[in-house]
Amino acid sequence: MRLTQLPLTTLKETPADAEIISHQLMLRAGLVRRLSSGLFTWMPLGLRVLRRVERIVREEMNRAGALEILMPAVQPAELWQETGRWDLYGDLLLRIRDRHERDYCFAPTAEEVATEIARRELRSYRQLPVNYYQINTKFRDEIRPRFGVMRAREFVMKDAYSFHLDQASLDATYDTMADAYARIFTRLGLRFRKVDADGGEIGGSRSQEFHVLADSGEDRIAWCEGDSYAANVEMAPTAPADLPRPPATQSLARIATPGVRSIDEVAAFLQVSATQCLKTLVVEGTDGGLIALLLRGDHALNPIKAERAPGVARPLKLASPERILTVTGAPVGSLGPVTLKLPQVADHSALHLADFVCGANVADAHLTGINWERDLPLPTAFDLRNVENGDPSPGGGGALTIARGIEVGHIFQLGDKYSRSMHAVVLDQDGKERVMTMGCYGIGVSRIVGAAIEQNHDANGIVWPEPLSPFDVILIEINPKKSEAATAAANTLYNELQNAGYEVLFDDRDARPGVKFADADLVGIPHRIVVGERGVKEGKAEYRHRQSGTEEQVGLTDVLDFLRARREVPRQG
Ligand code: ATP
Ligand code: MG
């Protein structure tokens, strides 16, 4: 494609509203344009990248035996009512009403529609297993769309739904999908990890996520090289300490702490570490009352774990300060388990504290030198916190490492959650009706484009992994109006490369060389060939590799051989 025919508007300045590098570069390189909150238009260059992702995803899904279909993006409310999710899915669901006053939603996912198809199409166990997939637009009314296409409201997802007679068949397809995902992300040139995950909204039993490793990731993942344990931090369990609790050395004291509330303030005021403080959080309980959750001061509450704690209401809801004051008589910021008249659940590491500090349940006072069993009874022990870097791996193989990740894929075993409520059955060997068992498998196709840039950029712009690049080669002609010989040479090369199967972006614009070089770096195509008057006189072009920055003179007639020798065989099709 000639750049004179592609109105490419690159931006020098970093757009103010783009927080992370991939979003900035996608806007600057003209890959996408924002239409409205969480809504993006894929411009020609960006769409080429998206299509390349789709293509690899499609090839590997087909290779894994999945069947491509295309479901409507608008789904009738009745199906969602059958599974109960019309009420449960909440505000992420964009609800629509048609001219007949019938309710619909715009697909955020498609378990219901896939199950509807399966219950109509599939009659006999002989037809199973079946794995349907599509690559299609989804809409989720995200509370905080951000990071451009990474957390958009409208986005492209590959979603697959498999149907089975029994668990063994589901296990086999689940493993096949896990392998296919690993192939996909490897082919895309991404550094990724597969981790154990929470089933979340969709529900079910076994579930794993695929994360692209990047500091800008919204998720945290934990792994241990020693035992191959890997999980989303949401999921990774912590255990009670191996060692006995240290003995008490201080006596209980009450200290005036005027205006001191947060753990940091308490630690600074009393000159102790946050690890010596106890944090008290109050949440709603299942019986309409309140429950106190106790954590070590430096630890973060894990909401998914907390929801599983005895007596805690789902979804987890922090009690309001007013409610806490009414029920306990203590203001928020002064809470502590001693004398607190609420059921209490403590994290394992909170129970390992000795001589600790906490609120006194009255304003402006704290207790120090507190010890379990001496000053207050032991509450219920539970795993309530996020794992931290260095915590022991649940696999027993050493310490956990924690890194940030971007979730690009998620596979689930759904069991019969949807097939049972929607009565999706087949006849088994004995002619008896059996509810099918299901799996589902998602890939964030459009999110991958952003995630890939997070991992592949430098100070000058994007550095595409070859399989994702919008073009294979960028050909730049220097000062096109100046030399007919150079123009002729550049055009000959353009045709030659295209005939050999390369996708070439030809910068034939009448622009300054510096502008062209900067745009080429920004757009990030792996191989750059420059043709100019001086070189053409010597029969030479100049090659530059975007990633390594290496430059070489190449004979004008040798460019094809040169690219081929570098492995750069054109992609098929
Ligand atoms: P997240 O935790 O990031 O909100 P999710 O777990 O809700 O994602 P899934 O239901 O597992 O998402 O959807 C499958 C895939 O779709 C995700 O792994 C992710 O790559 C992608 N995805 C989900 N939400 C978005 C979004 N708002 N924008 C772009 N991609 C998304
Ligand atoms: Mg997910």
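The residues listed here are 330, 346, 363, 354; of these, the one that is on the phi < 0 side of the Ramachandran plot, part of a loop (DSSP other than H, G, I, E, B) and crowded, with 21+ Cβ neighbours inside 10 Å is 330. The strands (runs of 3 or more DSSP E) located wholly in the stretch 1-96 that include 2 or more residues which are in contact with a strand residue (DSSP E or B) (Cβ under 8 Å, 6 or more places away or on another chain) and among the basic types (Lys, Arg) occupy 32-36. Note on the stretch 308-327: residues that are more than 18 Å from residue 365 (Cα to Cα) and open to solvent by less than 50 Å² (accessible area, probe 1.4 Å) amount to 7. Considering only residues in the stretch 552-573 that are modelled with pLDDT under 95 and small (Gly, Ala, Ser), the one that is farthest from residue 450 (Cα to Cα) turns out to be 565. Scanning the stretch 154-161 turns up no residue that is within 16 Å of ligand 2 (Cβ to nearest atom), modelled with pLDDT under 95 and of a type in the set (Asp, Glu).
Scanning the stretch 404-425 for residues that are within 16 Å of ligand 1 (Cβ to nearest atom) and either at pLDDT 95 or above or open to solvent by less than 50 Å² (accessible area, probe 1.4 Å) (or both) turns up 404, 405, 406, 407, 408, 409, 410, 411, 412, 413, 414, 418. Just one of the numbered conditions (1) over 31 Å from the mean Cα position of the chain (by Cα); (2) in contact (Cβ under 8 Å) with a residue 60 or more places away in the chain; (3) farther than 20 Å from residue 244 by Cβ is not true of residue 362: (2). Meeting the requirement of 2 or more residues that are of a type in the set (Val, Ile, Thr), the strands (runs of 3 or more DSSP E) wholly within the stretch 222-305 are 278-284.
For every residue, the table says whether it meets (1) basic (Lys, Arg); (2) within 16 Å of ligand 2 (Cβ to nearest atom); (3) in a helix (DSSP H, G or I); (4) closer than 19 Å to residue 422 by Cβ.
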| residue | (1), (2), (3), (4) |
| --- | --- |
| 132 | no, no, no, yes |
| 176 | no, no, yes, no |
| 190 | no, no, no, no |
| 205 | no, yes, no, yes |
| 211 | no, yes, no, no |
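Would you pick out the residues in the stretch 366-388 that are touching a helix residue (DSSP H, G or I) at 6+ places or on another chain (Cβ under 9 Å) and either more than 19 Å from residue 233 (Cβ to Cβ) or surrounded by fewer than 19 Cβ atoms within 10 Å (Cβ to Cβ) (or both)? 366, 368, 372, 378, 379, 381, 383, listed by residue number.
So that you can scan it fast, the table gives a plain yes or no per residue for (1) under 27 Å from residue 62 (Cα atoms); (2) open to solvent by less than 40 Å² (accessible area, probe 1.4 Å); (3) free of Cβ contacts under 8 Å to residues at least 12 places away in the same chain; (4) not hydrophobic (A, V, I, L, M, F, W, C):
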position: 183; (1), (2), (3), (4): yes, no, no, yes
position: 192; (1), (2), (3), (4): yes, no, no, no
position: 212; (1), (2), (3), (4): yes, yes, no, no
position: 222; (1), (2), (3), (4): no, yes, no, no
position: 228; (1), (2), (3), (4): no, no, no, yes
position: 231; (1), (2), (3), (4): no, yes, no, no
position: 242; (1), (2), (3), (4): no, no, yes, yes
position: 247; (1), (2), (3), (4): no, no, no, yes
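Taking the stretch 175-187 as the range and being within 15 Å of ligand 1 (Cβ to nearest atom) and over 16 Å from the mean Cα position of the chain (by Cα) as the test, the residues that pass are 177, 178, 180.
For the stretch 108-152, a residue qualifies if it is closer than 30 Å to residue 16 by Cβ, open to solvent by less than 30 Å² (accessible area, probe 1.4 Å) and either more than 10 Å from ligand 1 (Cβ to nearest atom) or among the aromatic types (Phe, Trp, Tyr) (or both), and the qualifying residues are 139, 147. Is there a residue being under 18 Å from residue 463 (Cα atoms) and within 16 Å of ligand 1 (Cβ to nearest atom) anywhere in the stretch 2-19? No, the conditions are met nowhere in the stretch 2-19. Kindly establish whether residue 453 is within 30 Å of residue 140 (Cβ to Cβ), in contact with a helix residue (DSSP H, G or I) (Cβ under 9 Å, 6 or more places away or on another chain), within 16 Å of ligand 2 (Cβ to nearest atom) and among the hydrophobic types (A, V, I, L, M, F, W, C). Judged against the criteria, residue 453 is not a match.
Of all residues in the stretch 426-445, none satisfies being more than 16 Å from ligand 1 (Cβ to nearest atom), within 21 Å of residue 174 (Cβ to Cβ), open to solvent by 30 Å² or more (accessible area, probe 1.4 Å) and part of a loop (DSSP other than H, G, I, E, B).
Take residue 156 and decide whether it is in a helix (DSSP H, G or I), farther than 21 Å from residue 438 by Cα and within 16 Å of ligand 1 (Cβ to nearest atom). No, not satisfied.
With respect to residue 394, is the statement that it is assigned to a loop (DSSP other than H, G, I, E, B), within 16 Å of ligand 1 (Cβ to nearest atom) and within 30 Å of residue 218 (Cβ to Cβ) true? Spelling it out, it is not the case that residue 394 is assigned to a loop (DSSP other than H, G, I, E, B), within 16 Å of ligand 1 (Cβ to nearest atom) and within 30 Å of residue 218 (Cβ to Cβ). Quick check on residue 68: is it surrounded by fewer than 20 Cβ atoms within 10 Å (Cβ to Cβ) and among the acidic types (Asp, Glu)? Yes; evaluated as a whole, the condition is true for this residue. Take the conditions part of a strand (DSSP E or B), among the aliphatic types (A, V, I, L, M) and within 12 Å of ligand 2 (Cβ to nearest atom) and apply them to residue 195. Does it pass? Taking the combined requirement at face value, the residue satisfies it. Of the listed requirements (1) aliphatic (A, V, I, L, M); (2) under 34 Å from the mean Cα position of the chain (by Cα); (3) farther than 30 Å from residue 409 by Cβ, residue 497 misses just one: (2).
The values are calculated or read from the model by the stated rules, or taken from the named source; none is laboratory data. Keep in mind that what you see is a predicted model, and the values were worked out from it rather than measured. Cβ: placed from backbone, ideal geometry, glycine included. Neighbour counts: every protein chain shown. Ligands, DNA and RNA are excluded from the accessible area calculation, which covers all protein heavy atoms including side chains. Shrake-Rupley method; radii C 1.70, N 1.55, O 1.52, S 1.80 Å.
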